[in-house]
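The values are calculated or read from the model by the stated rules, or taken from the named source; none is laboratory data. Being a predicted model, the structure only gives us computed values, none of them experimental. Because the Cβ atoms are built from the backbone with ideal geometry, glycine has one as well, and the counts that use them run over all protein chains shown.
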Amino acid sequence: MSMAQAIERFVSDGATVAMGTALEPLIPFAAGHEMIRQGRRNLELVGPISDSLFDQLIGAGCVRRVTAAWVGNVSEGLGHCYRRACEHGVPRSLEVHDHSNFSISLALWAAAWNVPSLPTRTLLGSEILLTNPGLAVAGDLVQVSAVRPDVAIVHVQRADELGRAHAWGPLGISEEAGLAAERVIVSCEELVDASVTLSDPNRILFPETKVVAVVHEAGGAHPSPVQGFFRRDHAFYRDYAERSRTADGFESWLREWVLEFRDRASYLGRLDVESLRIKSHRLSAPADFGDD
């Protein structure tokens, strides 16, 4: 299945979408760009930090609500589209449900475990409690209401066609997002035979019954890093930060890097991909799963 087909079938207007759940790496930019090209509207985005992906979707007018710990551009700081939406309603007003990285994880775990909320003490004394109706103080605890995405979109190093996905490096809250969501879209650097994924069952990220689409999308996380495949494209992030400082600059960037392309392959054709590939490999030792 192509990314365009996956987004068309499984991400509707008004959907709640978990993305960028591995924190800085493995951010599914290809999926986000396809959502922009297909003109999705009134989305709720759920995640921890998302790097600049949320900022781009907000600037494109796709988003009505953000439920997240932070929105910006990690190495460059502020998310300019996010700020314009919050302060001036440009291109549209934005509802924000603030979380910490820990509390958004609890919200997703609550949904995964099918309970209405989970307790914590870590937000006591924080102004986050004033901005998020899903957080309620009960005695000396904060009850974190469940957040159940309609779909979680994750990028991984490899997956088989049935949705058994392998990812390594920092995973952030990817597992809880996938288990909390009604369905999961997986994009991968490599589409492999089931014998590969089943040879290391402990690494399988989600039950394959949760996965509704597997997209072979090499380079689908650029400019974020993918351990073992691509390093982070700092220069690309820097260019985006500078150009998105103004609404006109963002619109120019959006036309150049999203709207003018049909798919990810044509996008990658504009980049010096080889300069970003990992050249030095550090392979793990094999595991012995023998039991007789």
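Things to note:
- Exactly one residue among 239, 233 is surrounded by 13 or more Cβ atoms within 10 Å (Cβ to Cβ) and in contact with a Pro (Cβ under 6 Å, 6 or more places away or on another chain), and that residue is 233.
Yes/no matrix, rows are residues, columns are (1) touching a helix residue (DSSP H, G or I) at 6+ places or on another chain (Cβ under 8 Å); (2) under 24 Å from residue 177 (Cβ atoms):
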{"site": "193", "(1), (2)": "no, no"}
{"site": "200", "(1), (2)": "no, yes"}
{"site": "222", "(1), (2)": "yes, yes"}
{"site": "227", "(1), (2)": "no, yes"}
{"site": "250", "(1), (2)": "yes, no"}
{"site": "259", "(1), (2)": "yes, no"}
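- Count - residues of the stretch 58-78 that are buried (at least 21 other Cβ atoms within 10 Å of the Cβ) and either among the β-branched types (Val, Ile, Thr) or free of Cβ contacts under 8 Å to residues at least 40 places away in the same chain (or both): 7
- The set of residues in the stretch 92-115 being under 10 Å from residue 144 (Cβ atoms) and in contact (Cβ under 8 Å) with a residue 24 or more places away in the chain consists of 99, 100, 103, 104, 105, 106, 107, 108, 109, 110.
- Looking only at residues in the stretch 170-199 that are of a type outside the set (A, V, I, L, M, F, W, C) and surrounded by fewer than 16 Cβ atoms within 10 Å (Cβ to Cβ), the one that is nearest to residue 265 (Cα to Cα) is 190.
- Subset of the stretch 254-270 [within 20 Å of residue 187 (Cα to Cα) and over 22 Å from the mean Cα position of the chain (by Cα)]: 269
- Residue match in the stretch 5-28 (condition: within 16 Å of the chain's Cα centre (by Cα), surrounded by fewer than 24 Cβ atoms within 10 Å (Cβ to Cβ) and assigned to a strand (DSSP E or B)): yes
- In the stretch 137-165, the residues that are farther than 14 Å from residue 215 by Cα and either surrounded by fewer than 21 Cβ atoms within 10 Å (Cβ to Cβ) or aromatic (Phe, Trp, Tyr) (or both): 137, 138, 139, 140, 141, 143, 145, 146, 148, 150
- Matching residues, the stretch 210-223, being touching a residue at least 60 places away in the same chain (Cβ under 8 Å) and in contact with a strand residue (DSSP E or B) (Cβ under 8 Å, 6 or more places away or on another chain): 212, 213, 214, 215, 217, 219, 220, 221, 222
- Selected residue (criterion: farthest from residue 251 (Cα to Cα)) from residues of the stretch 32-65 that are under 9 Å from the mean Cα position of the chain (by Cα) and either part of a helix (DSSP H, G or I) or among the hydroxyl-bearing types (Ser, Thr, Tyr) (or both): 50
- Whichever residue in the stretch 79-91 is touching a residue at least 24 places away in the same chain (Cβ under 8 Å) and surrounded by fewer than 24 Cβ atoms within 10 Å (Cβ to Cβ) and, among such residues, is nearest to residue 171 (Cα to Cα): 84
- Residue in the stretch 176-202 that is nearest to residue 7 (Cα to Cα), counting only those that are of a type in the set (A, V, I, L, M) and in contact (Cβ under 8 Å) with a residue 60 or more places away in the chain: 185
- Residue in the stretch 276-292 that is modelled with pLDDT under 95, among the aromatic types (Phe, Trp, Tyr) and either part of a strand (DSSP E or B) or touching a helix residue (DSSP H, G or I) at 6+ places or on another chain (Cβ under 9 Å) (or both) present: yes
- Tally of residues being of a type in the set (D, E, K, R), in a helix (DSSP H, G or I) and either in contact (Cβ under 8 Å) with a residue 24 or more places away in the chain or touching a strand residue (DSSP E or B) at 6+ places or on another chain (Cβ under 8 Å) (or both) across the stretch 252-267: 1
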